[in-house]
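No value in this document is a laboratory result; all are computed from the given coordinates. Because the structure is a prediction, the values reported are computed rather than measured. Neighbour counts run over all protein chains shown; Cβ positions are idealised from the backbone, glycine included.
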Amino acid sequence: MMSVESLLNNVPYANLNRKSLGFISPKIIKWRFTDLILLALLVICYFFIYNIKPFHRQFSLYDATIQHPFKERETVNNIELFLYSTWIPLIVILVTALVLTSPKYRFYNTYVAALGLLLCVLITSNVTDVLKNLIGRHRPDFIARCQPDPSVRTEALVSIEVCTNTDLNLLEDGYRTTPSGHSSISFAGLVYLALFLMGQFQANDPRAGSWRALLFGGAPLMVATYIAMSRTEDYRHHFVDVIIGGLLGFFIGSWSYLRLFPWISDKRSFSNLLMIEEEKAEERAKRNDDNNDTVLEDV
């Protein structure tokens with residue numbers, strides 16, 4: 001029977017590393033097929049999580065923070081949210097990458113950049129919805145949604161049983177205020193877009209004009225801020241919901257970008273990390289060939 005030591009000695013360490021985990025091929029790593037699988041799973045999870053009932057937290061009928069009117073027409077509805085935070089940024093990223101990337105890496109850089117955006121938006125959306133359902137905090141317009149039974153007059157905390165509104169979707173959505181989904185999703189997609197554009201146009205280069213940072217970095221963030229603040233004007237969210245959502249989206253958007261591209265001040269900020277690795281490997285191989293030629297000439 002083979003000993004444990006013998007088994008360990010026969011492990012193919014050359015094929016086991018933190019990147020490949022011993023079974024993921026370089027081609028799968030390069031084209032991020034695992035990210036594509038994750039993307040598909042996130043789409044499935046999104047529809048599943050969205051239909052989960054939120055926690056029905058107790059409330060006071062006299063809580064002034066949840067007695068605002070219900071606004072029928074939102075300043076930025078769900079369709080407009082994804083238009084501004086996902087589809088328009090996606091088009092901008094595709095056009096920018098296709099135009100600015102060298103022919104050798106044009107398709108690959110465009111593919112990676114688009115995949116990163118879609119992942120960050122879907123991750124943010126799923127995380128936000130999970131938190132909303134777990135926290136179960138009431139929206140500022142919750143009492144208007146609830147339409148409590150007029151006969152109930154108590155200063156004690158009450159539950160959803162006092163509500164007379166038969167529209168359960170509208171009522172239960174009133175428990176999904178923290179964090180703000182509009183805030184988190186808009187900041188995720190638009191922070192990713194801002195970093196991508198600043199990297200592609202090298203906005204942090206000392207020789208570049210300040211207008212690059214203002215246009216490519218500032219404009220997307222202003223749009224995200226407007227979308228987030230509109231939720232307080234519509235009485236859909238408290239200010240703290242917007243702040244938490246904005247921070248969540250900001251960090252996920254930044255993380256998603258930095259796992260694919262170097263920081264925007266890097267001299268190669270317009271190239272994704274695997275492109276840079278390949279170029280460095282080619283440079284090393286060329287130097288080795290040159291050194292070998294020099295040695296042969298000396299001989």
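Counting every C-alpha pair in the chain, the share spaced more than 23 angstrom apart comes to 65%.
Based on the alpha-carbon gyration tensor of the stretch 110-218, what equivalent-ellipsoid semi-axes (square roots of 5 times the eigenvalues) come out, in whole Å, largest first?
Numbers: eigenvalues 396, 44, 18 Å².
That gives 45, 15, 9 Å for the three semi-axes.
Distance between the modelled labels on residue 99 and residue 243, one decimal in nanometres: 3.9 nm (7 Å Cα→Cβ projection).
With the highest mean first, a sort of the peptides 205-216, 272-283, 87-98 on other beta-carbon atoms found within 10 angstrom per residue produces 87-98, 272-283, 205-216.
Give me the extension gain from residue 207 to residue 106: residue separation times 0.36 nm, minus the current Cα-Cα distance, reported in nm with one decimal.
Details: separation 101, 0.36 × 101 = 36.36 nm, distance 2.55 nm.
Full-extension gain reported as 33.8 nm.
Given the stretch 158-226 reduced to its alpha-carbon atoms as identical point scatterers, what log10 I(q)/I(0) does the Debye formula return at q = 0.15, 0.18, 0.24, 0.25 Å⁻¹? Taken in order of the listed q values, log10 I(q)/I(0) reads -0.60, -0.72, -0.96, -1.00. Isolated cysteines of the chain, defined as having no other cysteine beta carbon under 4.7 Å away, are 45, 120. Considering the stretch 51-113, its Cα convex hull presents a mean projected area of 7.7 nm².
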